[in-house]
Amino acid sequence: MADTVSRSWFAVFPNPEQHGYDGTPEEIVEKLKDEWIAGNALRKGWWGYCISSKGLPHVHMVLEDSGSCRFTKVKKAYPTAHLEPTKGNKKQVLQYIHKEPPYDEKGEQVLVYTSYGNIEGNKRYSVTNTNDTLATIEMLIEEGMTPNQIMAEDIRLRREETLIRKCYFAKRYKETPPIRNVNVIWHCGDSGSGKSYSYIELCEKYGDDNVYFFSDYANKGIGGFDGYNGEPCLFMDELKKDSLPFELLLMIAQGYRSQIHCRYSNCFALWNEVHITSIFSPEDIYSGMVSKENQNKDTIHQLLRRITKFVFHYKHNDEYKSFELAGNQYIGFDDLKKRTAAHDAFYQKAEKEVL
């Protein structure tokens, strides 16, 4: 063990109070962190103060250096700690130290924790040369990781962002059927009525990594999808009359496996749920995107038939409310407001006051 080297070490430090670490659990883990980092910004780590089912206080530590670190070096820093090379990958390590399934232990409590940097865990690959890098990218893509997840594994992989995105979308393109069902939800209502907050609710429902936030409409939306990584849910915030070409909006709302122009590397439409927020009705958006001379050919029905559901947002004092209507029941924006008024007496009163 004395000759063992690893970039990541896992340690269990029992009874820290008996080894010169006084104070609260928060103060103890902060002191341990400061000792390990010691001005070396390239080091990383995680420290958690725990109580076992038998009442034994101990600290779990993940200690990582910029290069391989010998066992004797870490043991010298923490002579009473049990040390071994980190065995799990980053996800497994985080699950273990947070005591999440399948590593939860009955009676084990994590009282407080702190961290420094982005721990990596045990890596199964190397990026020391071009062949290793390409093999690593191929392996991680085959495991189902997204470009963002892959590049988070090692900062050096960011140099291959274009290659990673092309390989990722090539794989996803093969896995995606030519046509798929896409649910389109149109969020409307006045400013400040809670439309954009729907993004937070979607992140809580699906997870941040599964919702793509689109708000860059510069140059007719070119560049807005530069960061798209195949997220299944697309959230388009504050759509306006001149935000996009009408044909692009239709393509976004349909279920074809379409290629989307990006500034650096094109991507493919792989989402199955689209949320659009706007203070404008679909009719207003349509009239701003399609000139009158073209409205006989590019009809608004192309857009309306793609919308699965309408959500009308409004606010009563400090309470945010909404009314939902199936897309096939939508007659017009005025009718939607009337249905909302019939659903909510407060909104009905507010509408009468406006009139």
The residue that is farthest from His261 (Cα to Cα), considering only those in the range 204-219 that are surrounded by 13 or more Cβ atoms within 10 Å (Cβ to Cβ) and more than 12 Å from the chain's Cα centre (by Cα), is Ser215
Sole miss for Gln302 among (1) among the polar types (S, T, N, Q); (2) on the phi < 0 side of the Ramachandran plot; (3) at pLDDT below 95 is condition (3)
Considering the range 171-199, residues that are in a helix (DSSP H, G or I) and surrounded by fewer than 12 Cβ atoms within 10 Å (Cβ to Cβ), and then whichever is nearest to the chain's Cα centre (by Cα), we arrive at Glu175
Test: residue in the range 47-57 that is surrounded by 15 or more Cβ atoms within 10 Å (Cβ to Cβ), touching a strand residue (DSSP E or B) at 6+ places or on another chain (Cβ under 6 Å) and under 30 Å from Asn229 (Cα atoms) = no
Please indicate, with yes or no, whether at least one residue in the range 88-109 is in a helix (DSSP H, G or I), touching a helix residue (DSSP H, G or I) at 6+ places or on another chain (Cβ under 8 Å), without any contact (Cβ under 8 Å) to a residue 60 or more places away in the chain and not hydrophobic (A, V, I, L, M, F, W, C).
no
Being farther than 25 Å from Ala326 by Cα and out of contact with any Asp or Glu (no Cβ under 9 Å at 6 or more places or on another chain), is that true of even one residue in the range 188-201?
no
If you go through Ala170, Ala152, the only one that is of a type in the set (Gly, Ala, Ser) and more than 24 Å from Lys44 (Cα to Cα) is Ala170
- Query: Out of all the residues in the range 209-220, is one or more among the small types (Gly, Ala, Ser) and either in contact (Cβ under 8 Å) with a residue 12 or more places away in the chain or not assigned by TED's automatic domain parsing to the domain that holds Ile150 (or both)?
  - Reply: yes
Checked Ile155, Ile150, Ile179 against criteria (touching a helix residue (DSSP H, G or I) at 6+ places or on another chain (Cβ under 8 Å) and either in contact (Cβ under 8 Å) with a residue 24 or more places away in the chain or farther than 30 Å from Arg306 by Cα (or both)); the one match is Ile150
Picked from the range 115-130 (must be modelled with pLDDT of 85 or more and either of a type in the set (Phe, Trp, Tyr) or loosely packed, with under 15 Cβ neighbours inside 10 Å (or both)), the residue nearest to Glu143 (Cα to Cα) is Gly117
Given (1) exposed (fewer than 13 other Cβ atoms within 10 Å of the Cβ); (2) touching a Leu at 6+ places or on another chain (Cβ under 8 Å); (3) assigned to a loop (DSSP other than H, G, I, E, B), Tyr21 misses just (1)
Considering the range 103-114, residues that are more than 19 Å from Leu63 (Cα to Cα) and at pLDDT 85 or above, and then whichever is farthest from the chain's Cα centre (by Cα), we arrive at Glu108
Taking the range 200-237 and the residues there that are assigned to a loop (DSSP other than H, G, I, E, B) and within 11 Å of Ile276 (Cα to Cα), the one that is modelled with the lowest pLDDT would be Ser215
Ser287 of a type in the set (S, T, N, Q) and closer than 25 Å to Tyr228 by Cα: no
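The values are calculated or read from the model by the stated rules, or taken from the named source; none is laboratory data. Everything numeric here is computed off the predicted structure, so don't read it as measured data. Note that we place each Cβ from the backbone using ideal geometry, even for glycine, and neighbour counts take in every protein chain shown.
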